[in-house]
Structure formats: C-alpha cells, structure tokens
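J.: The structure's right below; bear with me while I get my questions together.
FYI, it's all coordinate maths here, none of it is from the lab. These numbers come from a predicted model, not from an experiment. With ideal geometry, Cβ positions are generated from the backbone for all residues, glycine too; neighbour counts draw on all protein chains shown.
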Amino acid sequence: MKIIYTCFPEGKHKVLTMSYDDGREEDRRLVSLFNEYGIKGTFNLNAGIDWDEKRIPIQEYKELYQGHEIASHTYTHPTIERCPIEQVISQVIEDRKGLEKLAGYPVRGMAYPNGSYTKQIQDILPSLGIQYSRVVGNSDQFAMPRNYLEWKATCHHNHNLIELGQQFIDLFKTQYLYMMYVWGHSYEFTDKNNWEVIEEFCKLAGHRDDIWYATNIEIYDYMEAAGRLQYAADASFVYNPSAVSVWISVDDKLIEIPGGKQIEI
C-alpha cells in the first residue's frame, strides 16, 4: 500500500507565518524587515481607528502591506466577549468593509481584540466571512491548528523566540507538517527597546529553502485545497478540483497536482 502525505508548496514540510496587531507606526520597520528576509506576515487592523497619530494612516495600508495579508481586528477594538452579539457582528462586518476598500481583496481572517471571544462568537464568524481567528497565548508547539477559529501561535516574540526558532529550523522528520507561528505588536519592540530580537530571528529563519513563508490565510486556503483532493480507492490517481496546485508525497516521491487536473500516482 502506498504511503501518501500532504505537503506544503514545492513539497516542503515546514511553514513560517507571522501575525501582528493594531497597525502602529512601527509596522513600517517590521514590514521592511520581513521583506528583506522573505518572510510573510498577517497584519490585523481596525478600519474604525484612523485618529490615532501613533497608527499607520489607513490610506497607506494597501502599499505598506503589499505582499502580506490585511486581516480584521474588529472595527474599533472592543473587548467583544462583553458586547451584545449584534454589536460583535457589526464590528466584524464594518471592519471587513473598511479594510476591503483599502486592500482591494476579501478580508477573511481575524485576530480577537484583547484576546476576547466566546463560543457563540466563534460559531458565528464563518457566516460573517471570517475563516480563521487568532487567540492570544503561546502553544510552544509546531503543530497545525485543529480549529482555525481558535488558532494559537507558537509564541509571542518575547517568549523564547530564538530558542523556538532554532528548534523549528532543526526539525527534519518529513512525515510531519510543522508550522511556526509568531505573534505580537510591533510597538512592543520600541517599548522594550529590543528590536534586535526580531532582527536576529529574521536572520535565523529567513531565506531558507526548506521553509514555506506564508500568511495566515494562505495556510488556511492551501490546507483547504489539500483536503479537497479526490483520490481513487486504490490510490492510482488523484483529482484536484481546486484552482491552485497541491503537492503530495507518494512513497517519498514529490508530486504536484495542478488545479483542475487529474494525475496518475
């Protein structure tokens, strides 16, 4: 019997993703750093806060975050578990509307403001067009999420970042999919005067051939496409009904399944 594994793009088995909140001025330096090292980030923003001089002007979002992902952080950043569900719905929808006008594409991801959410909020997000949402805290793990609406990062950047980064780089067992997910707020580097932490991490983890660098939504969409592959009962062929290519490993042989194609394996 064949051993078939799902792979990340180009047959890779490790992915790195970053998630930063609030759209503060320090994002400029952080985005520049990510771009220098080929790292991708998701930036969770509030379309209803455009009066704070410490934040990036919303008119600059599209250009600044090009190549990264703009995601929701609710319209005005309330502690939503204390809000009526009608207000939560408005906070998400209005943020999506505002951000989508700026970004020019559907905003389908989110980070819970103040780490605040309930099971009711979780359950309603897909009907509001939100496919995933990040919680706060550190898993200290490199596993893929079991629930994308309760997506916990590997670590905050002030929590063992370099040690965990080295562990991630050293992972070599290709029978697993590994994900390192880092979260935080860019202004914290200024507050703690520790920009060297993220600079060292980017030098350590950037531009590596065995790592896929992806935004949060790219990971979600790719894994959804991988889950839609249709295999023959005897594993002799596979059909990909999605528009994007998916990579698999068949008895250690890497195979690309192009979108809309059926491939003998």
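J.: How far, in degrees from 0 to 90, does helix 85-103 lean away from the longest principal axis of the Cα atoms of the chain, to the nearest 10?
T.: With rounding to tens, the tilt is 80 degrees.
J.: Find how much the distance from residue 233 to residue 146 grows on full extension, using 0.36 nm per residue of separation minus their present alpha carbon separation; answer in nm with one decimal. Don't skip to the end; give the middle numbers.
T.: Numbers: separation 87, 0.36 × 87 = 31.32 nm, distance 2.60 nm.
Computed gain between residue 233 and residue 146 is 28.7 nm.
J.: Provide the net charge surrounding residue 170, with neighbours chosen by a C-beta distance below 12 Å and charges set as Lys +1, Arg +1, Asp -1, Glu -1.
T.: On the way: positive: 14, 173, 208; negative: 163, 210.
Residues near residue 170 contribute +1 overall.
J.: Can you give the angle from 0 to 90° between the axis of helix 161-170 and the longest principal axis of the chain, with both taken from C-alpha atoms, to the nearest 10?
T.: Between helix and principal axis, roughly 10 degrees.
J.: On average, how much area does the Cα convex hull of region 14-224 cover when viewed from any direction, in nm²?
T.: Details: hull surface 44.3 nm².
The Cα convex hull of region 14-224, projected and averaged over all directions, gives 11.1 nm².
J.: Report, in whole Å, the centroid distance computed from the Cα atoms of region 142-220 and region 221-244.
T.: 28 Å
J.: If you don't mind, there's one more thing I want to ask. Obtain the nm distance between the two label points defined at residue 28 and residue 196 by a simple spin-label model: each point lies 7 Å from its Cα along the Cα-to-C-beta direction.
T.: Modelled inter-label distance: 2.5 nm.
J.: Right, something else. Classify region 24-77 as rounded, prolate or oblate from the Cα gyration tensor: take a ≥ b ≥ c as the square roots of its eigenvalues, call it rounded if a/c is under 1.5, otherwise prolate when a/b beats b/c and oblate if not. List each step's numbers first, then the result.
T.: Numbers: a/c = 2.29, a/b = 1.67, b/c = 1.38.
Prolate shape, in that a/c is at least 1.5 and a/b is the bigger ratio.
J.: A further question on this structure: Can you tell me how much longer the chain between residue 122 and residue 169 gets when fully stretched, taken as 0.36 nm per residue apart minus their C-alpha distance, in nm with one decimal? Display every interim value, and only then the final one.
T.: Numbers: separation 47, 0.36 × 47 = 16.92 nm, distance 3.26 nm.
The span from residue 122 to residue 169 would gain 13.7 nm if fully extended.
J.: I've got another one for you. Residue 62 to residue 35: extension gain in nm, 0.36 nm per residue of separation minus the Cα-Cα distance?
T.: Difference between extended and current length: 8.2 nm.
J.: What percent do you get for the relative contact order of the chain when only Cα pairs under 8 Å and 6+ apart count?
T.: On the way: 499 pairs, mean separation 70.1, N = 265.
That works out to 26 percent.
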